[in-house]
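The values are calculated or read from the model by the stated rules, or taken from the named source; none is laboratory data. All values derive from a computational prediction rather than experimental measurement. In this analysis, Cβ positions are derived from the backbone assuming ideal geometry, glycine residues included, and neighbour counts consider all displayed protein chains.
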Amino acid sequence: MEKEIWLKLKIWKKSKKMNKKKSLKNFNTFRVDVFCDNFLEIKREQDLISFFEKNKRRNFLILGGGSNILFSKNFKGTILKNKLKGIKILKKENGNIFLEAGSGENWHNLVYFCMRKNFWGLENLALIPGEVGGAVFGNIGAYGLEIKDKIFSVEVYDMEKKKTKVYKNTKKFFSYRNSYFKKNRGRFFILKVVFKLSEKFEPILRYKDLKEVFKNKNKEKITGKNIFEAVVKIRKKKLPDLQKFPNNGSFFKNPEISKKISSEILKIDPEVKFWEQENGKIKISAGYLIESIGFKRKKIGNVGTYQKHALVLINFGEAKGSKIKKFSEKIKREVFKKYGILLEEEVFIV
């Protein structure tokens, strides 16, 4: 009798686990209240291996900090929540530090850790929301630096070949807000990342706001802590507080176009903001394009653009993800109508 009760209890628990519904409101920075069928925390590589051994055909989605995703509907499948932690100094060599971080580590906490340890190279990327894996996946960049410039290697679990592999960083792996892993979405789970940092600090002051902050200061007297603090201050001033204004940061990428097309754009609007890139392309400010079509401080229902930065879309209330998606599509149509430029989302829409 006891054995029969135990078996029934075991079956009930298994059934309950497989049919579990979980709200994702606290797992995405847009605070969209959607549900997934199943939710599994990945705390070690074996958790991942076990999942794929038992669920070969199950629909799944890898979720990091939730700062670069928009759920427009419930997710019919399993959410794999990245919880792989750990920061480890592998070695110091010729003034370089090789630092390993678990992909589930909070990105800003890692940058802060490096600043406190006097490991330099990531300070321009302070206060960017999300986790290490997502930062590498999307090749985050800000204030004159991209994360690819400091990556030495990336360890992944290849979900197609069912094995772990380490990729050394080469030029082919990363491009503007993109990576080899992002291009092959659904194949790789980033496990660990090794960064090559420096004990010697060299300020990167290409970005105009940083130039303005330090214009009257001798370059030799600028410290990494100065840069870290300046970036944090600038970001807090320009970007909304996630706790008050749920958002995903920059919703669209800054378009890269040819010089020929940029000449045509300047005929339409001589005030367009753009920058020449090392690859010969011209990068245009998506924020300016959105402002120019009348969407600065624009609000429809509970969705709108941030008053200080039109590139940031805000959930002002209990807006559904489908409404945020619809608002973004309206922006894309209006920009294309005026400039012939099709904006590309930086945010992944599910």
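Confirm whether N118 is out of contact with any Asp or Glu (no Cβ under 6 Å at 6 or more places or on another chain) and closer than 26 Å to L205 by Cβ. Criteria met by N118. The residues of region 237-296 that are of a type in the set (A, V, I, L, M), in contact with a strand residue (DSSP E or B) (Cβ under 9 Å, 6 or more places away or on another chain) and not in a loop (DSSP other than H, G, I, E, B), listed by number, are I257, I261, I265, L266, I282, I284, A286, L289, I290.
Residues are listed down the side, and each one gets a yes or a no for (1) in a loop (DSSP other than H, G, I, E, B); (2) at pLDDT 95 or above; (3) within 21 Å of A319 (Cβ to Cβ):
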residue: E4; (1), (2), (3): no, no, no
residue: L9; (1), (2), (3): no, no, no
residue: F30; (1), (2), (3): yes, yes, yes
residue: L48; (1), (2), (3): no, no, no
residue: F51; (1), (2), (3): no, no, no
residue: S72; (1), (2), (3): yes, yes, yes
residue: I97; (1), (2), (3): no, yes, no
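Conditions (1) in the same structural domain as I69 (by TED's automatic domain parsing); (2) surrounded by fewer than 15 Cβ atoms within 10 Å (Cβ to Cβ); (3) over 23 Å from the mean Cα position of the chain (by Cα); (4) closer than 30 Å to G121 by Cβ, marked per residue:
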site: N226; (1), (2), (3), (4): no, no, yes, yes
site: F252; (1), (2), (3), (4): no, no, no, yes
site: S262; (1), (2), (3), (4): no, no, yes, no
site: W275; (1), (2), (3), (4): no, yes, no, yes
site: N302; (1), (2), (3), (4): no, no, yes, no
site: I314; (1), (2), (3), (4): no, no, no, no
site: K332; (1), (2), (3), (4): no, no, no, no
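Inclusion of F173 among residues that are at pLDDT 95 or above and not basic (K, R) is not warranted. Scanning region 297-307 for residues that are out of contact with any strand residue (DSSP E or B) (no Cβ under 7 Å at 6 or more places or on another chain) and part of a loop (DSSP other than H, G, I, E, B) gives G301, Q307. Return yes or no: is F252 of a type in the set (F, W, Y) and without any contact (Cβ under 8 Å) to a residue 60 or more places away in the chain? No. Scanning region 228-249 for residues that are in contact (Cβ under 8 Å) with a residue 12 or more places away in the chain, surrounded by 15 or more Cβ atoms within 10 Å (Cβ to Cβ) and under 20 Å from L122 (Cα atoms) turns up F228, A230, V231, V232, I234, R235, L239, G249.
Out of all the residues in region 189-227, which are hydroxyl-bearing (S, T, Y) and touching a residue at least 60 places away in the same chain (Cβ under 8 Å)?
If we filter region 189-227 for residues that are hydroxyl-bearing (S, T, Y), which is where we start, we get 198, 207, 223.
Matches in region 189-227: S198, Y207.
Of all the criteria given as (1) under 21 Å from S285 (Cα atoms); (2) modelled with pLDDT of 95 or more; (3) of a type in the set (G, A, S), the one not satisfied by S322 is (1).
Name, by its number, the condition in (1) among the hydroxyl-bearing types (S, T, Y); (2) without any contact (Cβ under 8 Å) to a residue 40 or more places away in the chain; (3) surrounded by fewer than 18 Cβ atoms within 10 Å (Cβ to Cβ) that does not hold for Y180. Here Y180 clears every test but (3).
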